[in-house]
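Taken together, the values in this text are just the output of simple stated rules run on the coordinates, not laboratory data. Bear in mind that the values here come from a model prediction, so they are computed numbers and not experimental data. Every residue, glycine as well, gets a Cβ built from its backbone with ideal geometry; the counts of neighbours run over all protein chains shown.
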Amino acid sequence: MTRSMNLLMFSGDYDKALAALILANTAREMNVDVTMFFAFWGLMLVRDPNKMTLEDKSAYEKMFSMMTPRGPAELPLSKMNFAGIGKSMLLEMMEEDDTPPLEAFLKGAQKKGVRFCGCKLSMEVMGLKKEEMIPELEVITAQDYLENALNSNMQLFI
Amino acid sequence: MTRSMNLLMFSGDYDKALAALILANTAREMNVDVTMFFAFWGLMLVRDPNKMTLEDKSAYEKMFSMMTPRGPAELPLSKMNFAGIGKSMLLEMMEEDDTPPLEAFLKGAQKKGVRFCGCKLSMEVMGLKKEEMIPELEVITAQDYLENALNSNMQLFI
Amino acid sequence: MTRSMNLLMFSGDYDKALAALILANTAREMNVDVTMFFAFWGLMLVRDPNKMTLEDKSAYEKMFSMMTPRGPAELPLSKMNFAGIGKSMLLEMMEEDDTPPLEAFLKGAQKKGVRFCGCKLSMEVMGLKKEEMIPELEVITAQDYLENALNSNMQLFI
């Protein structure tokens, strides 16, 4: 029987997203089913950087769309971000070590068949439209998430 | 057999508490048993806003009681709080979308039979008394928590 | 059959490390197998405070080694750290309550047979050498972590 991992992506931090996507890619290489459920700040990771729209959004939703990160490259660090200096330092250290950036791990996960799900309620509250997100993203409810998570071998809140 | 979910509530952030309580309410509607274990900052969510006492507390405990959030409405955001501006913005967006505030989800969870547990050690260290907390709160040990978590279908650290 | 708990230690915060080590110690007293996997900021907790080396490190790695906490005593709080004032306050409250400091829980976990594992990739990126870490630390891959986590009764991301 296929084993499965469910990750609830809440935080929207570069370093936490990196950890999660390394786990997701590694799990797929081990033939483990992976579902990632993006809610709240986690949704910033699965925005398509080139597809922001302001149409059909309230004033708050427009402001929110513009103030928050668009896609993986813009996410801040959870610690020692120092207005981006800490993040540049981490990126340099990753490059010295031939570790690919977050965008590459995201693309890898898309190719390897990780299932990407967006939280319907969070998207409605934040005013994010399906067409602004990566094309793989399925929009599902909290109940769908729970059904999957309860049947998985492991679950993490990241 | 009844399925079960165990949530360790550590953070004390408004947005994380909202995510957790939406999951808890949804799980109860699916007839899943839910235990929430509040430790450290997570205890701020289950303080009764009208029942703070300073009696029988050390100077540090008094200071701590006064400096920390009392109940759900006072919790800050985990990100973009901006001294409360980011939080007001989120609350406005939730209202536009007819999403109830955190207090409503907390009341819903109380009505739907979510089990609320407080960490004995954290309460002792922070000087929080049982009578300052919501009446449903059982005070339990780390061992009680682990016994429940190990027997649950899923566990999250929030 | 022996029950097991797997903790992914990501954060490197004093309070979160305290919560995790209290759980780890309690679980061992209940005869539950415990594996702690330290990645990213979590590695700061398992640095040996007396064994920092700058040899064989790039300029970024040297800077990083010097700017980040060395061992349990130097970790900041996840909230209300206030440049260390909040942490001192918590330490005073713990002392008033006869709760041992983080270092004692770390030593307890080492004595009780908690398995300590460091993330190979994180250590390479951050330039941390095995000889700078506590002697118990095994260096393992993300795949080793997943194999252990998938077979555990509970998993938390801390």
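Here's the list of lysines a cross-link from C:K57 could span, going by alpha-carbon distance under 17 Å and ignoring same-chain residues fewer than 8 apart: C:K120, C:K129, C:K130.
Here the dipole of the protein assembly as shown is about 380 debye; that uses its Cα centre as origin and unit charges on the Cβ of Lys and Arg (positive) and Asp and Glu (negative). Helices meeting the span-like rule in chain B (full DSSP H runs, Cα extent of at least 15 Å along the helix axis, mean Kyte-Doolittle score of -1.0 or higher): B:14-29, B:85-96. For segment A:1-89, the Kirkwood estimate of the hydrodynamic radius, built from every pair of different alpha carbons, is 14.6 Å. Separation of segment A:39-89 and segment B:11-35, taken as the distance between their Cα centroids, equals 25 angstrom. If you plug the beta carbon distance of B:M80 and B:T2 into 1/(1 + (r/R0)^6) with R0 = 35 Å, you get a FRET efficiency near 0.35. Relative contact order of chain A: 37 percent, from C-alpha pairs under 8 Å at least 6 residues apart in sequence. Each of A:K130 and C:M67 was given a label point 7 Å from its Cα along the Cα-to-Cβ line. The distance between the two points is 4.3 nm. In segment A:102-158, Cα pairs under 8 Å separated by at least six residues give a relative contact order of 34 percent. In terms of its alpha-carbon gyration tensor, segment C:43-134 comes out oblate; a/c meets the 1.5 threshold, while b/c is at least as large as a/b.
What is the local net charge at B:T26, summed over the other residues whose Cβ is closer than 12 Å to its Cβ (Lys, Arg +1; Asp, Glu -1)? Can you show the working numbers first?
Details: positive: A:K120, B:R28, B:K112; negative: A:D144, A:E147, B:E29.
Around B:T26, the charge tally is 0.
In loop segments of segment A:99-144 as defined by DSSP, the GluC sites (Glu not before Pro) with at most 16 further C-beta atoms inside 10 Å of their C-beta are A:E136. Look at A:T26, B:T2 and count the other Cβ atoms within 10 Å of each Cβ; fewest to most, that gives B:T2, A:T26. Classify the protein assembly as shown as rounded, prolate or oblate, taking a ≥ b ≥ c as the square roots of the eigenvalues of its Cα gyration tensor: rounded when a/c is under 1.5, otherwise prolate if a/b is larger than b/c and oblate if not. Rounded shape, in that the Cα axes give a/c under 1.5. Under the combined filter of DSSP loop state and at most 10 neighbouring Cβ atoms within 10 Å, segment C:1-84 retains these GluC sites (Glu not before Pro): C:E55. By other beta-carbon atoms within 10 Å, ranking A:S152, C:S88 with the fewest at the front produces C:S88, A:S152. Summing Lys and Arg as +1 and Asp and Glu as -1 over all other residues whose Cβ lies under 11 Å from the Cβ of A:M52 gives a net charge of +2.
What is the P(r) of chain A, as percent of Cα-Cα pairs per 10 Å bin from 0? Taking every Cα pair in chain A, the percentages come to 11, 40, 35, 14, 1.
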